[in-house]
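Below: the structure, in structure tokens.
The values are calculated or read from the model by the stated rules, or taken from the named source; none is laboratory data. Everything numeric in this text was worked out from a predicted model, so none of it was measured. Counting neighbours? That spans all protein chains shown, and the Cβs are built from the backbone with ideal geometry, glycine included.
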Amino acid sequence: MAITYTSGEQVEVYRFSIPATVLIPLAAVFLQAFIPLRFPFFVIFDLPLLVTIGFATARRNPLAGLLTGGLIGIMQDALTHQPIGLYGISKTVVGFGASSLGIKLDVENAGARFLITIFFFAVHEVVYFLIARGLVGLRMAWSWPHELLSGIANAVLGVLVFMLLDRVKQRT
Amino acid sequence: MESVLGRYRNLIVLVGVLFAQVVGLAVQVKRTTPSEPTRLIRIWAIGAVTPLERALVWAQTSTGDVWHNYFYLRGVRAENRALKAQIERMSLERVRISQDADQARRLQALLGFKEQFISQTMAAQVIGGSGSELSRSVFIDKGSRDGLKPDMAVITADGIVGKVLHVYRSTSEVLLINDQSSGVGAILDQTRLQGILNGTPAGELVLGRVMSDETVPPGEMVLTSGGDSIFPKGLPIGKVAKITPGSDLFLNIHVRPAADLSRLEEVLVVTKIDERQAQPEQVGGARAIDILAARLPSVPSKPENTEKSASSGSSATPGSVAAKTPTTGVAANGTPATGTSSTGTPKTAHPAMPGADAQSNPKATPPHAGNGAPAARNAPNAKSTAGDSPGLTSSSRAGASTPSPKPVNPPVDPKPQPDSPDTPH
């Protein structure tokens, strides 16, 4: 498996244009809200999470990663009727973690991206679960098979999303 | 100090951002009502996303309309024939139902009952959702400028969908009934057990607060009870799917929703619910008592009395039925007889109805309509039957009536017509 330790000098750092930085997360949130109406099974995916991980691992900047994750999460929260901050906190943690990991690991190949997506999907779900249950008091049901299936499905889709993001990222 | 801040800058920012969000979350949780600061963020997000959704839905609908209305017309002729046949069947059914409704109104008036009915709805298109498994809500393309307000009921032809949660200018958020924060007052159609229907985190519907010693058959229809002051009474919610033991002494009744909540396209928002008391002028007290008499279980009369009254023919007043049957019925139920007689005296009970019924529509009131339903049972409905659809009542009403012994029937028709094949023998 091609997760290789890479020195800070060896890793490539990318950036995204302003239109891409604004429109891609917006499109992800939009599609996440729209597609499940036509294809209910799509609700197991979390496109905004995949975009958060993709941006964070490409930029390799923890500050940018956590802010991007936080903003995407808050926007996602705004479309639900739950208190704003549940997705915000979860994606802030994921954005920070993914960008920090991106500094240390080479995440340019599909295998590494697959594993990273599964890992951060699990982190996201755990953080969300803890906050929703502990802080907000929501009734939450945790199902291991469901989470595992969702994690794999998101990882597969994540590999495709990262390939699309590769087309719009620019080398610094 | 500066070196420490520089070294841990990322972590410090992370902790700061997380802390700010946690505080914001705690403030929202502590508040009981939604307020403006968070609403602004929601307005921005919804303002950014819903125009795209609206445009896409419009494009999709337009394309579909063009295809279905101008090109894809295969099978339309056969479908038209089937629909016409269905209309005929439904017209007959409508007559029966209107009779039931008339009867119900008369009974409601007797009880001083206030009925609720949907007087105004607004069609709306579902344009988006929350995109989260833990927030089961959808957005519709109608908002405050269309007159929508929070807590309005949202339904489809199949059953209820949810209620309006937040209203924006041109869109509204609808909380679905299978969301875990949703609650609907519900009643089981046959057993008349009431409970509260809640959503679960998995998106299922569970009817709670039904005692575990009750028997609930799977497949039974679940309706709104009207107790939540949002949904009018009697709207379909779904069917009982399975029953499991719940906490304490209650059952968990899993309900399969009647409306497909995962594939909503068009919905109706109930914008006006009227509540009115049944009009007393629609009700003859005597007629209502007659209905009650037919509904209540009765005790067979003595044969000799019946024969006597039958032989006397027109001397048997219709009031005698109204007097006899309620009294026995009331006695059978253990209710004091004075309660019944105070509602209307037997003498004033439908002096004209049976006769009018027999003249205008002789076939409408056979004394033993298939299953021994008394003519008195049919008499109150004969007025509307004669006008709407002759010949329908006897068979259709008979299914819902309480069987009653034959000897009670003769006095109902004070003017027996010898030529009529339906004259009671």
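Among the residues of segment B:45-73, write down those that are under 30 Å from residue A:66 (Cβ atoms) and either modelled with pLDDT under 85 or surrounded by 15 or more Cβ atoms within 10 Å (Cβ to Cβ) (or both).
B:45, B:46, B:48, B:49, B:50, B:52, B:53
Can you confirm whether residue A:131 is within 27 Å of residue B:25 (Cα to Cα) and either in contact with a strand residue (DSSP E or B) (Cβ under 8 Å, 6 or more places away or on another chain) or among the aliphatic types (A, V, I, L, M) (or both)?
Considered against the rule, which asks whether it is within 27 Å of residue B:25 (Cα to Cα) and either in contact with a strand residue (DSSP E or B) (Cβ under 8 Å, 6 or more places away or on another chain) or among the aliphatic types (A, V, I, L, M) (or both), residue A:131 comes out as yes.
Quick grid of which residues meet (1) at pLDDT below 95; (2) surrounded by fewer than 20 Cβ atoms within 10 Å (Cβ to Cβ); (3) in a helix (DSSP H, G or I):
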| site | (1), (2), (3) |
| --- | --- |
| A:84 | yes, no, no |
| A:135 | yes, yes, yes |
| A:140 | yes, yes, no |
| A:154 | no, no, yes |
| A:164 | yes, yes, yes |
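With respect to residue B:216, is the statement that it is among the aliphatic types (A, V, I, L, M), out of contact with any Gly (no Cβ under 8 Å at 6 or more places or on another chain), free of Cβ contacts under 8 Å to residues at least 60 places away in the same chain and under 21 Å from residue B:124 (Cβ atoms) true?
no
Among the residues of segment A:99-121, is any within 11 Å of another protein chain (Cβ to nearest Cβ), surrounded by 24 or more Cβ atoms within 10 Å (Cβ to Cβ) and either assigned to a loop (DSSP other than H, G, I, E, B) or not aliphatic (A, V, I, L, M) (or both)?
Yes, segment A:99-121 has at least one match.
Show the residue pairs meeting these rules: Cβ distance below 7 Å; 6+ apart or different chains; first residue within segment B:177-198 and touching a residue at least 24 places away in the same chain (Cβ under 8 Å); second residue among the aromatic types (Phe, Trp, Tyr) and crowded, with 22+ Cβ neighbours inside 10 Å.
That search, which allows pairs on different chains as well, returns B:184/B:231.
Looking at segment B:183-202 only, could you name the residues that are among the polar types (S, T, N, Q) and at the interface with chain A (Cβ under 10 Å from one of its Cβ atoms)?
B:198, B:200
Can you tell me which residues in segment B:136-171 are touching a Leu at 6+ places or on another chain (Cβ under 6 Å), more than 11 Å from residue B:261 (Cβ to Cβ) and not in a strand (DSSP E or B)?
B:142
Among the listed residues B:205, B:176, identify the single one that is within 20 Å of the chain's Cα centre (by Cα) and within 12 Å of another protein chain (Cβ to nearest Cβ).
Exactly one of B:205, B:176 is within 20 Å of the chain's Cα centre (by Cα) and within 12 Å of another protein chain (Cβ to nearest Cβ), namely B:176.
Just need a number here: residues in segment B:108-141 that are more than 14 Å from chain A (Cβ to nearest Cβ), farther than 18 Å from residue B:160 by Cα and surrounded by 16 or more Cβ atoms within 10 Å (Cβ to Cβ).
4
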